[in-house]
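Participant: Just dropping this structure here.
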Amino acid sequence: MDAIVEAALKKWPNVPHCYGWLALDARGNWYMRDERCQAAGPFPQVKGSRVTHEKLREFIERNYAVDERGAWFFQNGPQRVYLQLEAAPWIWRLDGDALATPSTVRSHTGLSSTVDAVWLDEQDRLFLSTPLGLGLVHSLDMDWAAQAVEQGLWVPEVRSHETLLQQFGIVLAPAAD
């Protein structure tokens, strides 16, 4: 977490949490969802405005975390902004070396991790569990992932998306208590 965020938390420890204003889609894109977007429909049917500003994306990614309930958030200074997740808290990227090193993946936030297990859900989406947690393989990288499966480097187990969320304690759409 950024030092300025930690300092703001100490200075203003009781700022109310924010819900519904930020979301992560299945391709690792962040979306701002103002009141108009929220009123127009649920995420991901109505996504909102994609965050394209590089420094803002990097700030969100550095201050991205999970609470004890399994709800993911962005710590924006003293305010915790809870995210709506389309599929999972991590979107895993592979590269051309995926078949040489199928145990290493990179998250949508740029973090590297190792693959512990591979899961296929009822929509044929490929999920990977790592020490960082559960994530979805990015759709653009499914060719490399399919090759890893075909070569026996990954052997997916079949689980429903709901079962995976429960197993890994993930809340897709947190709400205020």
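Participant: Residue by residue through region 137-147, what is 3J(HN,Hα) from phi via Karplus (6.51 cos²θ - 1.76 cosθ + 1.60, θ = phi - 60°)? Round to whole Hz and write x for glycine and proline.
Facilitator: Residue by residue, region 137-147 yields 6, 4, 4, 6, 9, 5, 4, 5, 5, 4, 5 Hz.
Participant: For the chain, modelled as a GNM with alpha-carbon contacts under 10 angstrom, which of 87, 23, 146 fluctuates the most?
Facilitator: Of 87, 23, 146, the Gaussian network model singles out 146 as fluctuating most.
Participant: What is the set of long-range amide H partners of residue 76 at a cut-off below 5 Å, with H atoms built 1.01 Å from backbone N?
Facilitator: Distant-sequence amide H within range of residue 76: 81.
Participant: Further question: Quick check: the distance between the Cα centres of region 1-70 and region 160-176, to the nearest angstrom?
Facilitator: Cα centroid of region 1-70 versus Cα centroid of region 160-176: 18 Å apart.
Participant: So who's got an amide H within less than 5 Å of the one on residue 22, skipping anything under 5 residues away but keeping other chains? H placed 1.01 Å off N, in plane.
Facilitator: 33, 84
Participant: Only bridges with both residues in the chain count here: give the DSSP antiparallel percent, nearest 5.
Facilitator: Looking only at bridges with both residues in the chain, the antiparallel portion is about 70 percent.
Participant: Using the Karplus curve 6.51 cos²θ - 1.76 cosθ + 1.60 with θ = phi - 60°, work out ³J(HN,Hα) for each residue of region 117-129 in order, rounded to whole Hz, and write x for Gly and Pro.
Facilitator: After applying 6.51 cos²θ - 1.76 cosθ + 1.60, I find 8, 10, 10, 10, 9, 5, 9, 6, 8, 9, 10, 10, 9 Hz.
Participant: In the neighborhood of residue 78, defined by Cβ-to-Cβ distances under 14 Å, what is the net charge if each Lys or Arg adds +1 and each Asp or Glu adds -1?
Facilitator: +1
Participant: About the Cα centre of region 40-140, how large is the charge dipole given +1 on each Lys and Arg Cβ and -1 on each Asp and Glu Cβ? Please answer in debye to the nearest 20.
Facilitator: It comes to approximately 420 debye.
Participant: For region 46-146, what % of the accessible area comes from carbon and sulfur atoms, probe 1.4 Å?
Facilitator: Answer for region 46-146: carbon and sulfur cover 49 percent of the accessible area.
Participant: Check residue 126: other-chain or 5+ apart residues with amide H under 5 Å from its amide H, H built from backbone geometry?
Facilitator: For residue 126, the qualifying residues are 137.
Participant: Please state the charge dipole magnitude for the chain, taken about the Cα centre, from unit charges on C-beta atoms (+1 on K and R, -1 on D and E), reported in debye and rounded to the nearest 20.
Facilitator: 700
Participant: Here is a further query. Enumerate the calculated ³J(HN,Hα) couplings along region 31-44 in order (Karplus 6.51 cos²θ - 1.76 cosθ + 1.60, θ = phi - 60°), each rounded to whole Hz, writing x wherever the residue is Gly or Pro.
Facilitator: Once rounded to whole Hz, the list reads 10, 8, 10, 6, 4, 4, 5, 4, 6, 6, x, x, 6, x.
Participant: In the set (i) -0.74, -0.92, -1.16; (ii) -0.67, -0.88, -1.19; (iii) -0.60, -0.78, -1.08, which value of log10 I(q)/I(0) by the Debye sum over Cα atoms at q = 0.13, 0.15, 0.18 Å⁻¹ was calculated from the structure you see?
Facilitator: Read-out from the structure maps to (ii).
Participant: So for the pair residue 176, residue 54, with labels modelled 7 Å out along Cα→Cβ, what separation do we get in nm?
Facilitator: For residue 176 paired with residue 54, the spin-label model returns 3.7 nm.
Participant: Sticking with this structure for a sec: Counting each DSSP H run of 4 or more residues in the chain as -39500 (n - 2.57), what helix-only mean residue ellipticity at 222 nm follows after dividing by all residues, to the nearest 500 deg cm²/dmol?
Facilitator: -6000 deg cm²/dmol
Participant: In terms of the Cα gyration tensor, with a ≥ b ≥ c the square roots of its eigenvalues, is region 97-177 rounded because a/c is under 1.5, prolate because a/b exceeds b/c, or oblate?
Facilitator: Prolate, because a/c is 1.5 or more and a/b exceeds b/c.
Participant: Counting only heavy atoms of the protein chains, get the accessible area per residue of region 21-142 (1.4 Å probe) and round it to a whole Å² value.
Facilitator: Per residue, region 21-142 has an accessible area of 46 Å².
Participant: Out of region 119-177, which GluC sites (Glu not before Pro) are coil in DSSP terms and have no more than 14 other C-beta atoms within 10 Å?
Facilitator: 122
The values are calculated or read from the model by the stated rules, or taken from the named source; none is laboratory data. Remember, predicted model here, so these are calculated numbers, not experimental data. Cβ atoms come from the backbone with ideal geometry, glycine included; neighbour counts cover every protein chain shown. The area values use the complete protein model at the heavy-atom level, side chains included, leaving out ligands, DNA and RNA. Shrake-Rupley method; radii C 1.70, N 1.55, O 1.52, S 1.80 Å.
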